[in-house]
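Chemist: The structure follows.
The values are calculated or read from the model by the stated rules, or taken from the named source; none is laboratory data. Quick caveat, the model's predicted, so the values are computed rather than measured. Cβ sites come from the backbone with ideal geometry, for glycine too, and all protein chains shown count toward neighbours. Accessible surface is based on the protein model in full, side chains and every heavy atom, while ligands, DNA and RNA are left aside. Shrake-Rupley method; radii C 1.70, N 1.55, O 1.52, S 1.80 Å.
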Amino acid sequence: MSMVQGLLNRMVTRQAQVWHQAGFSALRVAVNLSSRQFSQLNMRQRLTDILIETGFNPSYLDLELTESVLLENSQAAIRRLSALKALGLQIAIDDFGTGYSSLRYLQQFPFDILKIDRTFVKNISADARNTAITSALIDMAHQLDLKVIAEGVETEAELAFLRQHQCDEMQGYLFSRSLPAAEFEKLLV
């Protein structure tokens, strides 16, 4: 984990802690991990230090990894993910369905969340293939006890489809673009 990323994680957890103390205790924070960050030997200890320093409850933290992060050494990745989960946080597989997607990942790795890539959400009501893939991914993930988050929701039609198929959570420009903390706080009120 680079110094910049370490500072960013501290800032993220500090800000989330402020929001929790202000009465928004259900807010979760998601942090993307790069392959380089995930492979660093002291990553778990650094994350533990950040959680202790900021007082942030790890049960409100999601670590997001893409499939490419897991390709190098799957046995080591499984051990690292299990060690991170032992801290009490949740692990998400991000952009699922792109790259080298393998259902084996869902079987082997200790994921809590499956994030459906936006390429399958886009034009979902008009594209029969996206409809079939997305509904199958939601059903399969639920049968595996995984929470499902759809990325890239931009239209009311996409939202309606995802709600109809019991997608757990959605994110995208339909709701909001990425915002600085001060602007996000205005949405909380």
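Chemist: Of all residues being acidic (Asp, Glu) and without any contact (Cβ under 8 Å) to a residue 40 or more places away in the chain in the range 48-67, which is most open to solvent (accessible area, probe 1.4 Å)? Just the residue, please. Can you show your working first?
Modeler: Going residue by residue through the range 48-67, those that are acidic (Asp, Glu) are 49, 53, 62, 64, 67.
Now drop any that are not without any contact (Cβ under 8 Å) to a residue 40 or more places away in the chain, which leaves 49, 67.
Details: Asp49: 67, Glu67: 10 Å².
This residue is Asp49.
Chemist: Quick one: what pairs do we get from the range 97-123, first residue under 11 Å from Ile149 (Cβ atoms), second aromatic (Phe, Trp, Tyr) and modelled with pLDDT of 95 or more, C-beta under 9 Å, 6+ apart or different chains?
Modeler: Val121/Phe161
Chemist: Within the set of pairs 6+ apart or on separate chains, which have a first residue in the range 18-38 that is touching a residue at least 12 places away in the same chain (Cβ under 8 Å), a second that is aliphatic (A, V, I, L, M) and open to solvent by 30 Å² or more (accessible area, probe 1.4 Å), and C-beta atoms under 6 Å apart?
Modeler: Trp19/Leu27; Phe24/Leu188; Val29/Val12
Chemist: Identify, from the list Gln143, Gln75, Gln166, the residue that is surrounded by fewer than 20 Cβ atoms within 10 Å (Cβ to Cβ), free of Cβ contacts under 8 Å to residues at least 40 places away in the same chain and on the phi > 0 side of the Ramachandran plot.
Modeler: Gln166
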